[in-house]
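Comments concern the structure below.
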Amino acid sequence: MVKNEVYKAIAVLVGTIIGAGVLGIPYVVAQAGFLTGLLDIVLLGIVILLINLAVGEVVLRTKGKHQLTGYAQKYLGGKGRALMTFSMAFGIYGALLAYLIGVGEALGAIFSANPFWFSLGFFVMVSSIIYFGIKGVASSELLLSSAVIFLVLLISAVAFFSGRMELSNLTEFSLMKLFIPYGVILFAFIGAASVPEAGEVLVKNKRSLKKAIIIGSLIPLAMYVIFTTAVVGVFGIKITEVATVGLGLVFGKWIVILANLFAVFAMTTSFLALGLALREMYNYDYKVSKFSSWAFTIFVPFVIFLFGFKSFINVIGTTGVIAGGVEGTLIVLMLWKAKKKSERKPEYSIGVSKLIGAILIGVFILGVILNFI
């Protein structure tokens with residue numbers, strides 16, 4: 001039972017992190033040069049691992065159930081809560097809308113049918129799971145995250161052993177292009193809102209939270225490196241903006257089915273975890289009833305979708321960088337305060353000095369600035 005809880009906690013993290021962002025990573029990495037992009041993936045992966053561990057420590061130092069907004073209120077006051085609310089709502093609503101559109105398009109491509117009806121069916125399914133809370137989401141995430149990892153490895157293996165790999169596509173490096181892939185890669189790693197959810201899964205086994213966070217943060221990093229190496233190795237600079245489209249053009253209809261199933265599973269896991277995080281924010285931190293919290297979470301992106309909003313990549317890129325920049329900065333500040341105002345002794349503690357914290361904050365602020373530039 002204990003191991004099963006740890007697996008579910010890891011799945012919640014992996015399911016949140018691996019979403020639509022992975023589909024755009026190969027394109028931006030190819031634009032910057034493979035080795036340049038690989039450095040971005042590794043560095044940002046380490047940064048987000050530290051941020052996730054920081055959230056875990058804040059969770060363990062605090063009594064009661066909260067989402068990121070509640071921790072911001074407790075340690076940074078009303079202004080901190082307001083900024084975190086903006087960050088979570090802006091980022092999550094944008095992502096949920098993008099996933100609602102993206103899943104419909106992916107299933108529409110597989111079955112050659114109208115994407116709208118698939119989006120509608122997807123909405124009914126995921127909204128029902130989110131309504132039942134963390135137990136329903138954790139169990140679904142374990143199954144879906146396993147499917148995502150399997151499909152990433154399968155698609156990557158097809159590319160690696162296709163005979164189309166070109167080593168020349170994997171040798172370019174340019175320090176001047178280091179920030180070209182930044183926004184998309186940062187979005188692909190963001191998942192701090194799922195750490196309190198992982199803490200709920202491990203409520204009777206808090207000592208395992210650190211282990212779950214480390215494994216749950218490193219699995220996406222490994223998946224991104226493998227997937228990007230395979231796709232860029234085959235296509236080089238000719239890769240399409242959404243990697244699964246290019247794979248279908250080269251390897252035929254069957255890979256279109258596999259690639260779009262991967263996209264569906266990846267976006268479904270993220271939708272569930274992020275939707276639950278937003279529902280918990282309203283319920284735990286703003287004391288809105290469970291039903292109203294669920295309704296506010298689910299129907300805002302759905303209504304926008306019904307009004308015909310069709311953007312996808314631009315939505316997740318912009319919302320990810322802005323929301324991630326604000327969120328990451330606030331998390332570092334929360335950790336510093338929580339260490340001074342701890343309500344309980346945490347099961348683990350990480351050393352984030354003023355220098356390291358300042359560097360992390362600088363990375364997030366720079367990302368927001370560069371996104372607008």
>> Please pick out the residue among Val12, Val55, Val47 that is among the aliphatic types (A, V, I, L, M), at pLDDT below 90, within 14 Å of Ile190 (Cα to Cα) and under 16 Å from the mean Cα position of the chain (by Cα).
In response: Val12
>> As an exercise: evaluate Lys63 against (1) on the phi < 0 side of the Ramachandran plot; (2) part of a helix (DSSP H, G or I); (3) surrounded by fewer than 19 Cβ atoms within 10 Å (Cβ to Cβ) and give the number of the one condition it does not meet.
In response: (2)
> Can you find a residue in segment 266-281 that is among the polar types (S, T, N, Q), touching an Asp or Glu at 6+ places or on another chain (Cβ under 8 Å) and crowded, with 22+ Cβ neighbours inside 10 Å?
Replying inline: yes
> Hey, does segment 312-322 have a residue that's within 19 Å of Ser194 (Cα to Cα), modelled with pLDDT under 90 and surrounded by fewer than 24 Cβ atoms within 10 Å (Cβ to Cβ)?
Replying inline: yes
>> Criterion first (out of contact with any Leu (no Cβ under 9 Å at 6 or more places or on another chain), surrounded by fewer than 16 Cβ atoms within 10 Å (Cβ to Cβ) and free of Cβ contacts under 8 Å to residues at least 40 places away in the same chain) does Ala295 satisfy it?
In response: no
> In segment 90-137, how many are out of contact with any helix residue (DSSP H, G or I) (no Cβ under 7 Å at 6 or more places or on another chain) and in a helix (DSSP H, G or I)?
Replying inline: 8
>> Yes or no: segment 69-76 includes at least one residue that is under 17 Å from the mean Cα position of the chain (by Cα), hydroxyl-bearing (Ser, Thr, Tyr) and surrounded by 23 or more Cβ atoms within 10 Å (Cβ to Cβ).
In response: no
>> Against the conditions (1) without any contact (Cβ under 8 Å) to a residue 12 or more places away in the chain; (2) in contact with a Pro (Cβ under 8 Å, 6 or more places away or on another chain), where does Gly77 fall short? Just the number, please.
In response: (2)
> Within segment 157-196, how many residues turn out to be at pLDDT below 90 and under 26 Å from Met84 (Cα atoms)?
Replying inline: 12
>> I'd like the full set of residues that are assigned to a helix (DSSP H, G or I), out of contact with any Pro (no Cβ under 8 Å at 6 or more places or on another chain) and of a type in the set (Gly, Ala, Ser), limited to segment 26-58.
In response: Ala30, Ala54, Gly56
>> over 29 Å from Leu202 (Cβ atoms) and assigned to a helix (DSSP H, G or I): is that true of Ala82 in this structure?
In response: yes
>> of a type outside the set (S, T, N, Q), surrounded by 24 or more Cβ atoms within 10 Å (Cβ to Cβ) and either out of contact with any Gly (no Cβ under 7 Å at 6 or more places or on another chain) or within 24 Å of Val47 (Cα to Cα) (or both): which single residue out of Val148, Val152, Val158 fits that description?
In response: Val148
>> Can you list residue pairs whose Cβ atoms sit under 9 Å apart, with the first residue in segment 116-132 being under 18 Å from Asn283 (Cα atoms) and crowded, with 21+ Cβ neighbours inside 10 Å and the second being at pLDDT 90 or above and among the β-branched types (Val, Ile, Thr)? Count only pairs 6 or more apart in sequence or on different chains.
In response: Ile130/Thr297; Ile130/Ile298
> When you scan segment 176-243 for helices (runs of 4 or more DSSP H) that lie fully inside it, which ones turn up with 2 or more residues that are touching a helix residue (DSSP H, G or I) at 6+ places or on another chain (Cβ under 7 Å), of a type in the set (A, V, I, L, M) and over 21 Å from Ala95 (Cα atoms)?
Replying inline: 209-235
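The values are calculated or read from the model by the stated rules, or taken from the named source; none is laboratory data. Since the model is a prediction, treat every value here as computed from it, not as a measurement. Positions of Cβ are generated from backbone atoms using ideal geometry, with glycine treated the same way; all protein chains shown enter the neighbour counts.
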